[in-house]
1. Quick one: grab the alpha carbon gyration tensor of the range A:64-221, order the square roots of its eigenvalues as a ≥ b ≥ c, and give me rounded if a/c is under 1.5, else prolate or oblate depending on whether a/b is larger than b/c.
2. Between B:Ala170 and A:Asn20, what is the spin-label point distance in nm, taking each point 7 Å from the Cα along the Cα→C-beta axis?
3. Using a 1.4 Å probe, how large is the accessible area of B:Thr65, given in Å² and rounded to the nearest 10?
4. To the nearest 500 deg cm²/dmol, what mean residue ellipticity at 222 nm is calculated for chain A from DSSP H runs of n ≥ 4 alone, each contributing -39,500 (n - 2.57), summed and divided by the residues?
5. Normalised by the number of residues in the range B:55-156, what is the relative contact order in percent for Cα pairs under 8 Å and 6+ residues apart?
6. For peptide A:72-82, compute the average count of partner chain beta-carbon atoms within 10 Å of each residue's beta-carbon.
7. Excluding ligands, DNA and RNA, what is the accessible area buried between chains A and B, summed over both sides, using a 1.4 Å probe, to the nearest 100 Å²?
8. When only Cα pairs under 8 Å and 6 or more residues apart are kept, what is the percent relative contact order across chain A?
Amino acid sequence: MIEFSHLYKTYPGPIHALKNIDLSIDKGEFVFLTGPSGAGKTTLFKMLSAYDRPTSGQIQVAGFDLASLNQTSVAQFRRRVGVVFQDFKLLKDRTVFDNVALPLVVRGDRPSHIQNRVEDILDQVGLLAKADQLPDFISGGEQQRTAIARALVHQPGVLIADEPTGNLDPRLSEEIMDLLERVCAQGTTVFVATHDHSMVKARKHRTIELLHGQVVAGARP
Amino acid sequence: MKRYFVHLLTSLRHHTGLVLATMIVLTASFFVSGSLVLVGQNLDRVLTLWGESLQMSVYLKEGTTSEQVQALQGRLQKDKRVAKAAFVDRREALTHFQEQMASYAPDLLNDEQLLKFIPESLQVQISQSVSSILQMKVLQELAGELGQEPTVESVSYGQDWVKTYSSIVATVSKAGMWMIVLILAAAGFVISNSVSSSIHQRKNEIEVLELVGASKWMIRGPYLFEGFFMGALSGFLALLVLAAGFETIQNFLRGELAFLQLSHHLQFFGAAHAGLFVLASGAVGFLSSAFSLRKLNDGWAASKAGQEA
């Protein structure tokens with residue numbers, strides 16, 4: 001499902017953010033990505049979500065070669081994955097409902113389907129009552145859950161999340177992790193970058209550890 | 001379509017001042033462009049009316065037979081450029097000449113000797129279907145062709161007056177065209193600036209839309225619509241101001257300057273031309289937006305924004 005091969009990412013400087021990453025993640029697998037700050041977690045997350053392109057090497061996700069995506073195929077790829085960004089990337093002038101509905105709107109789904117599906121996912125993340133609120137008028141945790149709902153609403157084959165429980169209290173963090181595990185159980189590959197070691201230990205999923213831009217543990221299942 | 005109008009209203013809400021200033025500048029630009037087109041169109045009509053008096057005298061050689069005259073006249077009447085080709089014999093020409101000269105030289109009225117000095121001629125009138133801009137060219141062409149005829153002595157068509165008249169029409173047309181091009185370029189720049197500002201203000205939205213899989217045209221569509229709408233609405237407003245101005249001028253021509261009898265020759269745009277004017281204004285807006293959008297989103301706006309930061 002996800003395949004990294006000799007992947008490098010170098011920023012001007014040069015800063016070698018990722019060096020020779022070789023990874024393989026199976027369909028329906030739940031994987032944690034951990035490592036200290038500056039280890040390259042966010043860069044790897046960006047490569048995996050097609051937010052940015054690698055300097056060299058290959059990434060195969062759901063049949064797409066992310067290193068050579070063109071303008072049309074990058075849009076198609078992004079419609080098939082769900083991404084939770086660390087800074088949420090919510091549109092401030094649209095309601096929670098409209099933000100969550102975005103992936104379905106760009107896909108051209110029927111309004112009645114969008115209505116039902118968005119209400120369903122908002123109910124799952126406990127935000128149905130806040131559907132008409134603007135992001136600036138809800139808490140950080142609620143914004144995070146809105147971002148998670150948006151990443152799940154179109155039932156993606158791969159879910160990639162950067163610190164999805166970073167702003168949540170322990171009870172909500174558990175609920176969100178339970179939700180992600182339920183999604184995984186339905187066949188979605190889940191890839192979670194996190195600092196939360198206690199959660200990683202408690203959940204007992206495969207854990208890939210990065211250090212100085214290289215994989216130091218968990219490269220193979 | 002709802003998405004496009006929501007986008008438009010959001011733009012208006014976020015930078016009301018800029019949108020209104022843009023609309024005012026655009027309305028003024030389209031008003032000036034429309035005025036030039038309207039003046040050009042009506043000047044052409046008035047000059048064409050004056051131009052109807054344009055005619056050439058084709059003087060025939062001594063000894064030209066009536067069959068030859070008829071043959072030449074017949075050929076001219078079949079020519080699409082010619083409205084009328086009337087034969088004027090010596091007697092008729094003399095009478096006309098004497099009438100014109102009577103007040104200056106009364107003695108000429110009884111001078112029958114003049115008859116042998118006056119040639120027979122054909123008075124050729126240019127067809128109304130020839131536009132005022134082309135009249136000079138047509139007159140010169142026709143004079144050249146007729147000058148080659150074996151039965152024709154000379155051709156006269158008031159060359160100096162026609163040249164002046166023609167150069168006025170050509171100058172006004174050229175100057176008008178250039179002014180319109182300049183004004184539309186300026187209008188395009190203003191729209192492009194407004195759309196660029198809208199894009200800058202919505203950078204985050206463009207990134208997020210890209211990241212959830214919106215296609216290039218899904219992102220660009222609302223901005224193109226914004227440009228088209230601003231252009232078309234400004235064009236429509238300019239048309240309303242233009243109609244009010246035209247009516248005022250018409251009233252003035254009917255009152256103070258009634259003796260010129262111009263008011264019934266002047267015409268405002270018809271429905272089709274008015275519609276075309278609004279559409280063309282919208283097209284200017286659309287193209288200006290397209291120019292601003294040419295490098296907007298290639299699928300990697302978010303990563304570029306990250307690098308800029």
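1. Verdict is oblate for the range A:64-221.
2. Distance between the two pseudo-spin positions: 7.9 nm.
3. Number for this one is 60 Å².
4. -11000 deg cm²/dmol
5. Values: 126 pairs, mean separation 48.2, N = 102.
Contact order relative to length: 47 percent.
6. Values: counts 3, 1, 7, 12, 2, 2, 7, 4, 1, 2, 1.
Mean partner shielding for this stretch: 4.
7. That pair hides around 1900 Å² of surface in total.
8. Across chain A, relative contact order equals 31 percent.
The values are calculated or read from the model by the stated rules, or taken from the named source; none is laboratory data. Keep in mind it's a predicted model, so treat the numbers as computed, not measured. Every residue, glycine as well, gets a Cβ built from its backbone with ideal geometry; the counts of neighbours run over all protein chains shown. With ligands, DNA and RNA removed, areas are computed over all heavy atoms of the protein, side chains included. Shrake-Rupley method; radii C 1.70, N 1.55, O 1.52, S 1.80 Å.
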